[in-house]
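Written out below as structure tokens is the structure these notes cover.
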Amino acid sequence: MSDPRLADLDVIILDYGAGNLRSVVRAVERVGAKPEVASVPAALDEADVVILPGVGAAADTMHNLRARQLVEPIHEYIAADRPFLGVCMGLQALMTVSLEGGEHPCLDVLEGQVVRLPEGRKIPHMGWNRVEQRRSTPLFDGIPDGAHFYFVHSYYCDMADPNDVVAIADYGADVTAVVERGRLAATQFHPEKSGAYGLRIYRNFLLEHSGNGGSR
Amino acid sequence: MLTKRIIGCFDVDNGRVVKGISFVELRDAGDPVELATLYDHEGIDELVFLDITASHEDRNTVVDMVRRTADRVFIPFTVGGGLRSDDDMRLMLESGADKITINTAAVERPELISEGAHRFGSQCIVVAIDARTEADGSMQVYTHGGRRPTGIDAVEWAKEVVERGAGEIMLTSMNTDGHQDGYDLPLTRAVSEAVGVPVIASGGAGNAQHMIDAITEGKADAVLAASIFHFGTHPIMDVKRQMQAAGIPMRMEHADYDDVL
């Protein structure tokens, strides 16, 4: 069931030309919110929650964010500790630098590098992997430790500060699965493609930040 | 640990599922979206829709199906059948498909793989390979729904499509397809060991043991099945339990949207 408390929340899903936003939009709608897809910096001003989705390569993502002049507004938004959820490339883009296809500076909100998954297994890391919760957070309300989520990626976030990591998945390395710092959270997996528990991540995040409407 | 995936596959003709699906609990067993919703509910890990409509000039029916699926199904799904350009791919991805699959079009113009991978990312480009093990033991690629031999070696082609940017290979054996007598294990293993991307075994699934064999002996990363689930005689979670009992990591927890939300 969708939650009526989410109906009045201003949820902005950032569109920076990364393609398929439809499943993220539908997932957020399914849990009871009415998201708006936006690609202009001004959209962040009024937002209660901002979601940065994404697939593809880090270089393209950063190029697209710069072209739409979203880099500074995202920085300011996160610096003000307003609720922000990154998904997949939306997590990797928050890191200091990505080594995917060269060396590409990213948003540098979270310290660390985006590095290639270790050799010896099939790449991309594709499918449902067990997610181990490192500490309890409202983001995991109602989600059992060890529940599976859907991953598709070839690079992963090597976090400088282990305190940022709230869940990992094993794929030849401890792959950063979920990070959280203040009101910023991000997942390497795709919650919108991870069945009921995936939707629960969206619900938990939105519910956690529905009380005070962010810090606008 | 990464689990092995069971992928349900529907052949769709003019918006209707073919292959005589008979689910008593469905109002409309021919509606791909209703079936996809049911399979998701029953614990399938991923879905594939293959559009076998003869004419691909009018894509509205497929686009409508993809959109309605994306509205109701929150697991990954792939769409293929008659996609011949990166614009065809874009239409499917923008309508809500997570991946697209190409087969004959990739053999006829291999650049299509790289164009798609460059524009949308390798993760959403699945190259389907139909292959037959010939009398002399060679493994040959076929196109046009398995009717036309190409003279191309299946393992070499698999390597090439990965080099060109395919993120996954869906491998169907023309020898075993439709017989429900097990997957083609030597072919699956040869291809899976030759490439660094995940390989989906397809063609021949008749029971859980076949899927176990495809993974343990065939080294497949996922198993695709069409008909065995279509009649309700092999419930998806039963198959998963048998695979797990054989030591294969599977996603066993499976929650209803309404219970969790």
Cα-centre dipole for segment B:105-261 with unit charges at Cβ (Lys and Arg positive, Asp and Glu negative), debye to 20: 100 debye
Given unit charges at Cβ for Lys, Arg (+) and Asp, Glu (-), the dipole magnitude of the protein assembly as shown about its Cα centre in debye, nearest 20, is 240 debye
Using alpha-carbon positions, what is the distance between the centroids of segment B:33-84 and segment B:90-142, in Å? 17 Å
Over the alpha-carbon set of segment A:125-216, work out the extent along each principal axis and list the three values in angstrom, largest first. 41, 31, 20
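How large is Rg over Rh for segment A:4-208, taking Rg from the Cα atoms and Rh as the Kirkwood inverse mean of 1/r across Cα pairs?
Details: Rg = 15.5 Å, Rh = 16.7 Å.
That ratio equals 0.93.
Any idea what the relative contact order of chain B is, in percent, if you count C-alpha pairs under 8 Å spaced at least 6 apart? Mind dumping the intermediate values first?
Values: 536 pairs, mean separation 46.2, N = 261.
Answer for chain B is 18 percent.
Please report the orientation-averaged projected area of segment B:5-253, defined via the convex hull of its C-alpha atoms, in nm².
Numbers: hull surface 49.1 nm².
For the Cα atoms of segment B:5-253, the hull's average projected area reads 12.3 nm².
State, as an integer percentage, the relative contact order of segment A:4-208 based on alpha-carbon contacts under 8 Å between residues 6 or more apart.
Working: 443 pairs, mean separation 40.7, N = 205.
About 20 percent, as a whole number.
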Heavy atoms of B:D177 accessible to a 1.4 Å probe, total area in Å² rounded to 10: 70 Å²
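Past 21 Å, Cα to Cα, is the threshold; run A:K34/B:K99; B:K99/B:K240; B:K4/B:K99 against it and keep the listed order.
Details: A:K34/B:K99 26 Å; B:K99/B:K240 24 Å; B:K4/B:K99 18 Å.
Table pairs above 21 Å Cα-Cα are A:K34/B:K99; B:K99/B:K240.
Using the Cα centre as the reference, give the magnitude of the dipole from point charges on the C-beta atoms of segment A:4-208 (Lys, Arg: +1; Asp, Glu: -1; all else neutral), rounded to the nearest 20 debye. Walk me through the numbers before you get to the answer.
Values: 19 positive and 28 negative charges, 155 e Å.
Dipole size: approximately 740 debye.
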Backbone N under 15 Å from the A:R121 label point (7 Å along Cα→Cβ), restricted to segment B:212-228: B:221-222
Fluctuation leader among B:D130, B:D153, B:D221 - chain B, Gaussian network, Cα springs under 10 angstrom: B:D153
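Solvent-accessible area per residue for the protein assembly as shown at a 1.4 Å probe radius, Å²? Mind showing how you got there, number by number?
Working: 17750 Å² over 477 residues.
Here the residues of the protein assembly as shown average 37 Å² of exposed surface.
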Any idea how far apart B:D181 and A:E111 come out in nm if each label point goes 7 Å out from Cα toward Cβ? 6.4 nm
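Using a 10 angstrom Cβ neighbour count of at most 11 plus a DSSP loop assignment to flag exposed GluC sites (Glu not before Pro), which longest range of chain B is free of such sites?
On the way: sites that count: B:E25, B:E57, B:E134.
Between exposed loop sites, the widest span is B:135-261.
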Test of understanding: in a Gaussian network model of chain A with alpha carbons linked when under 10 Å, which of A:R200, A:R66, A:R121 would top the mean-square fluctuation ranking? A:R121
Counting only C-alpha contacts under 8 Å and six or more residues apart, can you give the relative contact order of segment A:1-105 as a whole percent? 28 percent
Sum -39500 (n - 2.57) across every DSSP H segment of at least 4 residues in the protein assembly as shown, then divide by the residue count to get the 222 nm mean residue ellipticity, nearest 500. -8500 deg cm²/dmol
Anisotropy class of segment A:6-55 from Cα gyration tensor, a/c 1.5 cut: oblate
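The values are calculated or read from the model by the stated rules, or taken from the named source; none is laboratory data. Since we're looking at a predicted model, the values are computed, not measured. For neighbour counting, all protein chains shown are included, and Cβ atoms are generated from backbone atoms with ideal geometry for every residue, glycine included. Remember, those area values only see protein heavy atoms, side chains included, never the ligands or the DNA or RNA. Shrake-Rupley method; radii C 1.70, N 1.55, O 1.52, S 1.80 Å.
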